[in-house]
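Trainee: Structure below; questions to follow.
Read the figures in this text as sums done on the coordinates, not as results from a lab. If you're wondering where the values come from, they're calculated on a predicted model, not measured in any experiment. With ideal geometry, Cβ positions are generated from the backbone for all residues, glycine too; neighbour counts draw on all protein chains shown.
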Amino acid sequence: MADPKKFDKQLSVVIPVYNEEESLPALSARIYPVLDALGMDYELVFVDDGSGDRSVAFLREQFQRRPDVTRVVLLQSNFGQHAAILAGFAHARGQWVVTLDADLQNPPEEIPRLLEKMGEGYDYVGTIRRKRQDSWWRMAASRLMNRIRERITRVRMTDQGCMLRAYSHTITDAINSTAEVTTFIPALAYLYASKPTEISVEHEERAHGKSKYSLYKLLRLNFDLVTSFSVVPLELFSFFGLILASLSAMLVIYLAIQRIFFGPQVQGIFTLFGIVFFLIGVILFGIGLLGEYIGRIYRQVQQRPRYLISAVLERNDPAT
Ligand code: UDP
Ligand code: MG
């Protein structure tokens with residue numbers, strides 16, 4: 001039998017790290033005291049997502065400093081934030097799992113409030129950023145995306161962007177056994193949760209380094225979010241196609257009647273062109289949309305691993 005995973009900790013805190021050498025010292029200076037003060041049996045699981053800077057060296061030192069509560073998973077290369085979190089879930093041994101970003105945008109001081117909610121019996125605690133500190137175009141874009149997502153998927157999240165969240169381990173296990181290639185963890189977790197809730201938390205500006213998300217990556221994430229949770233775009237498209245087809249059928253009949261009773265007609269040819277171009281645009285959009293779904297299938301059938309681990313730093317506990 002495969003290694004039966006033990007849940008011998010009360011709490012696992014999973015932190016994906018990608019080129020965060022400037023934030024890590026401040027992060028550990030703040031997060032360890034918070035977690036120590038909880039009086040819980042906890043562990044911190046750092047997942048290095050193929051950083052090219054001194055992050056790994058720092059994590060190694062940190063592991064030396066607190067081997068009792070620190071575990072470090074090193075990925076072979078950059079697999080993306082969500083893959084890194086999945087790797088963290090696979091190694092987490094806590095009954096409860098909290099995720100947060102390494103860049104200190106999510107204050108570690110909020111963790112106790114999340115746990116309080118978990119203690120009240122919720123199995124998923126989402127967060128809403130009280131005063132979001134991001135550029136205006138990101139705020140506008142996420143407002144729009146939220147609205148679209150709420151309409152066409154079952155996922156209800158006031159604020160999809162904030163990664164400071166708490167899950168019960170049944171949810172993280174379910175997420176881990178879902179073999180989806182590109183996944184959006186908070187949304188998936190919401191689907192699996194039986195008693196979800198949300199609280200509002202502080203949000204700070206990124207103190208060091210740059211956001212790892214370019215506009216392109218954000219767009220990709222949002223496309224994935226929609227296409228992996230809903231086929232409504234495809235359905236809308238066929239609906240639209242049906243209407244257009246009926247309208248153009250009527251147009252053809254009308255033109256045929258015109259031709260028979262009034263003879264050939266050349267005027268209005270540009271209108272016709274306009275209509276044709278519009279239809280071509282609609283068709284291209286549809287092909288692109290199909291491509292999104294086919295792309296997902298393509299990546300899924302390849303069955304490539306979502307991440308590759310190069311090393312795990314953890315103390316070999318003789319007791320476990
Ligand atoms: N991150 C990661 N792999 C990536 C990109 C980001 O592990 O490919 C980590 C990053 O180190 C940080 C978190 O994911 O801890 C969020 O990244 P970032 O702050 O760049 O995202 P934003 O806050 O701008 O959404
Ligand atoms: Mg950030």
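Trainee: Please compute one quarter of the surface area of the Cα convex hull for the chain and express it in square nanometres.
Mentor: Across all orientations, the chain yields a mean hull projection of 21.1 nm².
Trainee: A follow-up question, please. Nearest 500 deg cm²/dmol is fine: what mean residue ellipticity at 222 nm does the chain get from its DSSP H runs of n ≥ 4 alone, each adding -39,500 (n - 2.57), divided by its residue count? Provide the component values of the computation, followed by the final result.
Mentor: Values: 10 runs with 158 residues, N = 320.
That calculation yields -16500 deg cm²/dmol at 222 nm.
Trainee: Mind giving me the nanometre distance, one decimal, between the label points for residue 309 and residue 26, set 7 Å out from Cα along Cα→Cβ?
Mentor: Distance between the two pseudo-spin positions: 3.1 nm.
Trainee: Moving on to the next point. Which three semi-axes in whole Å describe the equivalent ellipsoid of region 183-230, each the square root of 5 times a Cα gyration tensor eigenvalue, listed largest first?
Mentor: 24, 19, 7
Trainee: Could you run the Karplus curve 6.51 cos²θ - 1.76 cosθ + 1.60 with θ = phi - 60° over region 259-265 and give me ³J(HN,Hα) per residue in whole Hz, x for Gly and Pro?
Mentor: So the J values, rounded to whole Hz, are 4, 5, 8, 10, x, x, 9.
Trainee: Would you mind ranking 131, 212 by Cβ crowding within 10 Å, fewest neighbours first?
Mentor: With the fewest neighbours first, 131, 212 line up as 131, 212.
Trainee: Here is a follow-up. Amide H neighbours of residue 128 under 5 Å, counting only residues 5+ apart in sequence or on other chains, H built in-plane at 1.01 Å?
Mentor: 199, 200, 201
Trainee: Gain in length, residue 10 to residue 76, computed as 0.36 nm per residue apart minus the alpha-carbon separation, to one decimal in nm?
Mentor: Length difference between fully extended and current span is 20.9 nm.
Trainee: Give the long-range amide H neighbours of residue 13: residues separated by 5 or more places, or on another chain, with amide H under 5 Å away, using H modelled in the peptide plane at 1.01 Å from N.
Mentor: 43, 44, 45, 98
Trainee: Got a sec? Which residues in region 169-209 would a label at residue 131 touch, if it sits 7 Å along Cα→Cβ and we count backbone N under 12 Å?
Mentor: Flagged as within label range: 202-205.
Trainee: Another question, if that's okay. Over 5 Å intervals from 0, what percent of Cα-Cα pairs in region 32-105 sits in each interval?
Mentor: Taking all Cα pairs of region 32-105, the binned fractions are 3, 15, 25, 28, 20, 7, 2, 0 percent.
Trainee: Karplus couplings for region 233-244 from phi (6.51 cos²θ - 1.76 cosθ + 1.60, θ = phi - 60°), rounded to Hz, Gly and Pro as x?
Mentor: Each residue's phi maps through the Karplus curve to give x, 5, 5, 4, 5, 5, 4, 4, x, 4, 4, 4 Hz.
Trainee: So what's the gap between the Cα centers of region 245-305 and region 80-136, to the nearest angstrom?
Mentor: Centre-to-centre distance over Cα atoms comes out at 46 Å.
Trainee: Further question: Which value, in debye to the nearest 20, describes the size of the charge dipole of the chain about its Cα centre when Lys and Arg Cβ atoms bear +1, Asp and Glu Cβ atoms bear -1, and nothing else is charged? Don't skip to the end; give the middle numbers.
Mentor: Numbers: 36 positive and 34 negative charges, 206 e Å.
Its charge dipole is roughly 980 debye.
Trainee: Per residue of region 311-316, what does 6.51 cos²θ - 1.76 cosθ + 1.60 with θ = phi - 60° give for ³J(HN,Hα)? Whole Hz please, x for Gly and Pro, Karplus curve as stated.
Mentor: Working through the residues one at a time gives 6, 10, 9, 8, 7, 7 Hz.
Trainee: Roughly how many nanometres apart are two label points built 7 Å out from the Cα toward the Cβ at residue 60 and residue 197?
Mentor: Each label point is offset 7 Å from its Cα along the Cβ direction, giving 4.4 nm.
Trainee: Is the C-alpha gyration tensor of region 103-195 telling us rounded, prolate or oblate? Criteria: a/c under 1.5 is rounded; beyond that, a/b larger than b/c is prolate, otherwise oblate.
Mentor: Details: a/c = 1.78, a/b = 1.14, b/c = 1.56.
It is oblate, given that a/c is not under 1.5 and a/b is not larger than b/c.
Trainee: When a footprinting reagent is the concern and you count Cβ atoms within 10 Å, what order do 213, 298 take, fewest first? Please report the intermediate quantities before stating the final value.
Mentor: Details: 213 14, 298 11.
The order, fewest Cβ neighbours first, is 298, 213.
Trainee: Sum up the charges of everything whose Cβ sits under 13 Å from the Cβ of residue 76, counting Lys and Arg as +1 and Asp and Glu as -1, but leave residue 76 out.
Mentor: Combined, the nearby Lys, Arg, Asp and Glu give 0.
Trainee: Something else now. Going toward the positive end of the dipole of the chain, with +1 on Lys and Arg Cβ and -1 on Asp and Glu Cβ, which of 244, 145, 223 do you reach last?
Mentor: 244
Trainee: Excluding residue 11 itself, what net charge comes from residues whose Cβ is under 9 Å from its Cβ, given Lys and Arg +1 and Asp and Glu -1? Walk me through the numbers on the way to the answer.
Mentor: Values: positive: 9; negative: 41, 43.
Combined, the nearby Lys, Arg, Asp and Glu give -1.
Trainee: Where nothing but the Cβ of Lys and Arg (+1) and of Asp and Glu (-1) is charged, how large is the charge dipole of region 188-231 around its Cα centre, in debye to the nearest 20?
Mentor: The calculated dipole for region 188-231 is roughly 260 debye.
Trainee: When all alpha-carbon pairs of region 171-299 are counted, what percent fall beyond 22 Å?
Mentor: 63 percent
Trainee: DSSP loop (so not H, G, I, E, B), at most 14 other Cβ within 10 Å: list which GluC sites (Glu not before Pro) in region 86-153 pass both filters.
Mentor: 120
Trainee: Let me ask something additional. How big is the Kirkwood radius of region 1-142, worked out from every pair of different alpha carbons and given in Å to one decimal?
Mentor: 15.9 Å
Trainee: Hey, rough spin-label estimate for residue 260 and residue 242, points 7 angstrom out along Cα→Cβ, what's it come to in nanometres?
Mentor: 2.9 nm
Trainee: Less than 30 Å apart at the alpha-carbon level, and either on another chain or at least 8 residues along: which lysines does that give for residue 217?
Mentor: Within the straight-line limit of under 30 Å, residue 217 reaches these lysines: 131.
Trainee: Using Cβ counts within 10 Å as a stand-in for footprinting exposure, how do 68, 103, 48, 159 rank, fewest first? Could you put the intermediate results ahead of the total?
Mentor: Details: 68 8, 103 24, 48 27, 159 19.
In order of increasing Cβ crowding within 10 Å: 68, 159, 103, 48.
Trainee: If you average the alpha carbon positions of region 178-241 and of region 43-77, how far apart do those two centres end up, in angstrom?
Mentor: 26 Å
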